[in-house]
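*Asks:* Dumping the structure here so I can ask a few things about it.
The values are calculated or read from the model by the stated rules, or taken from the named source; none is laboratory data. The model shown is predicted, which means the values in this text are computed figures rather than measured ones. FYI the Cβ positions are ideal-geometry reconstructions off the backbone, even for glycines, and counts take in every protein chain you see. To get the accessible areas, we keep the full protein, side chains included, count just its heavy atoms, and leave off ligands, DNA and RNA. Shrake-Rupley method; radii C 1.70, N 1.55, O 1.52, S 1.80 Å.
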Amino acid sequence: MQEIVKPLLEWFQQNKRPLPWREDTLPYHVWVSEIMLQQTRIEAVMRYYARFMDALPDIASLSEVDDDALLKLWEGLGYYSRARNLKKAARTVMQEYDGVFPSRFEDIKRLSGIGEYTAGAIASICFNEKVPAVDGNVLRVIARVTGSRENVLLPAVKKQVASRLSDIMPDEAGAFNEALMELGELVCLPNGVPLCEKCPLHALCAAFRDGLTEVLPVRIKALRRGKTELCVFLIRDADGRIAIEKRGNSGLLAGMYQFPNVAGHISEKEIKKQLTAWDVTPLVIAPLGEAKHAFTHIDWMMKGYRIEAAHKSDRFLWVSADALQKEYALPTAFRKIFKLE
Ligand code: SF4
């Protein structure tokens, strides 16, 4: 393992991408980008990152931002608890660290929404602390280089990798961690198509030597995904305004807006009953088709309906399509129904 350090650092110097959050090593920039990059591809994050930094240029502004404005900035990125945790952590930094981002791995890890990986990335990139930052890219590279057949989705295996990396961590800890991640992003690609001929580690790599790049890393999922069926209603009044409501303050998509919906794929008779309960008199009930949305552990199987309502029910907020686009944080799952119309 020790032998990977030098070629990796040299390769990184020559090949690292000029990303906006690499222009400096301010903890705020590295932190926000790392949180956005969880579950989201770099190309998509670039747009969101620039908009986010324009609106909230520092920790103080993030700590004070209105929840609706924050969720609007995050709209489309998904996994909205990330945005809420960012604000919570920003408040902690303002209150407990006088607005200065903590510099030690152990303190960083205690902030809301920051786990081992993100704390390791910030501590090493911004403060050069010699701690590893092990994400999926790093696990893949190390499994292939070492030829390990262990299941990289197991926490114990991740710990082992972190421990082996700690043992070889050079003084340039931030550059080393970033180099491993960058190699996984650009060269040691997933799904059996790594660009080994361009890789600085190919002379040291067991998977390349033994022709195992297609089978490593081993990833065995323990979790079975759940499914939830929903009927979602795009209800418009005579002026074309659309009914929306705010979700509760906890749980999935907390605090965001949604179209009225009910659990289950219910019959037209049951739909009429439900609409009556909402004080909506339907002039038209038209099926829009189906859409699926995948969350971390659950899939929503949605059936959409367009409803023309005779009058506005006080139960909902009635907004124009333009206002819905610009002012309300509507999760991607519901946008899929909007697109069916
Ligand atoms: S040689 Fe190929 S499989 Fe090995 S680390 Fe490099 S890109 Fe990945």
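*Asks:* Restricting attention to the range 50-70, which residues are open to solvent by less than 20 Å² (accessible area, probe 1.4 Å) and out of contact with any helix residue (DSSP H, G or I) (no Cβ under 6 Å at 6 or more places or on another chain)? Break it down stepwise before answering.
*Replies:* Of all residues in the range 50-70, those open to solvent by less than 20 Å² (accessible area, probe 1.4 Å) come to 52, 56, 59, 62-63, 65, 70.
Hit for the range 50-70 is V65, nothing else.
*Asks:* Report the residue count in the range 122-134 for those that are crowded, with 20+ Cβ neighbours inside 10 Å and either outside any helix (DSSP H, G or I) or not assigned by TED's automatic domain parsing to the domain that holds I168 (or both).
*Replies:* 4
*Asks:* Ok, one more. Scanning for something in the same structural domain as G136 (by TED's automatic domain parsing), on the phi < 0 side of the Ramachandran plot, within 16 Å of the ligand (Cβ to nearest atom) and without any contact (Cβ under 8 Å) to a residue 12 or more places away in the chain, does the range 161-172 turn up at least one residue? Before the answer, list the steps.
*Replies:* Our first condition is that a residue be in the same structural domain as G136 (by TED's automatic domain parsing); within the range 161-172, this holds for 161-172.
From the residues that got through so far, the ones that are on the phi < 0 side of the Ramachandran plot too are 161-172.
If we keep only those that are within 16 Å of the ligand (Cβ to nearest atom) too, we end up with 161, 164-165, 168.
Next, from what is left, pick out any that are without any contact (Cβ under 8 Å) to a residue 12 or more places away in the chain: none.
No, every residue in the range 161-172 fails to be in the same structural domain as G136 (by TED's automatic domain parsing), on the phi < 0 side of the Ramachandran plot, within 16 Å of the ligand (Cβ to nearest atom) and without any contact (Cβ under 8 Å) to a residue 12 or more places away in the chain.
*Asks:* Of everything in the range 200-209, what is within 6 Å of the ligand (Cβ to nearest atom) and touching a residue at least 60 places away in the same chain (Cβ under 8 Å)? Give them in sequence order. If you could, list the steps in order and put the result at the bottom.
*Replies:* Filtering the range 200-209 down to residues within 6 Å of the ligand (Cβ to nearest atom) leaves 201-202, 205, 207-208.
Hits for the range 200-209 are L201, C205, A207, F208.
Yes/no per residue for (1) closer than 23 Å to E23 by Cβ; (2) modelled with pLDDT of 95 or more; (3) of a type in the set (A, V, I, L, M):
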| site | (1), (2), (3) |
| --- | --- |
| A89 | yes, yes, yes |
| M94 | no, yes, yes |
| I108 | yes, yes, yes |
| A156 | no, no, yes |
| G174 | yes, yes, no |
| E178 | yes, yes, no |
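*Asks:* Hey, another quick one. Residues in the range 181-196: is at least one open to solvent by 40 Å² or more (accessible area, probe 1.4 Å), under 20 Å from R41 (Cβ atoms) and not in a loop (DSSP other than H, G, I, E, B)?
*Replies:* Yes, the conditions are met somewhere in the range 181-196.
*Asks:* Give the range 288-299 a look and list any residue that's modelled with pLDDT of 95 or more and open to solvent by less than 40 Å² (accessible area, probe 1.4 Å), or say none. First the steps, then the outcome.
*Replies:* Taking the range 288-299 and keeping what is modelled with pLDDT of 95 or more, we get 288-293.
Hits for the range 288-299 are L288, G289, A291, H293.
*Asks:* Let me ask another. Does L195 fit the bill of being within 10 Å of the ligand (Cβ to nearest atom), free of Cβ contacts under 8 Å to residues at least 40 places away in the same chain and closer than 17 Å to V141 by Cβ?
*Replies:* yes
To keep it simple, each residue is scored yes or no on (1) under 20 Å from P102 (Cα atoms); (2) in contact with a helix residue (DSSP H, G or I) (Cβ under 6 Å, 6 or more places away or on another chain).
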position	(1), (2)
A123	yes, yes
L154	no, no
I168	no, yes
N177	yes, yes
M181	no, yes
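*Asks:* A further question follows. Out of the range 99-121, which residues are assigned to a loop (DSSP other than H, G, I, E, B) and crowded, with 18+ Cβ neighbours inside 10 Å? So that I can check it myself, show each step before the final result.
*Replies:* Of all residues in the range 99-121, those assigned to a loop (DSSP other than H, G, I, E, B) come to 99-104, 110-115.
Hits for the range 99-121 are F101, P102, L111, I114.
*Asks:* Ok, one more. Can you name every one of the strands (runs of 3 or more DSSP E) wholly within the range 199-287 that holds 2 or more residues which are among the β-branched types (V, I, T) and surrounded by 19 or more Cβ atoms within 10 Å (Cβ to Cβ)? Quick ask: steps written out before the conclusion?
*Replies:* On the way: elements: 226-236, 242-246, 261-263.
Answer list for the range 199-287: 226-236, 242-246.
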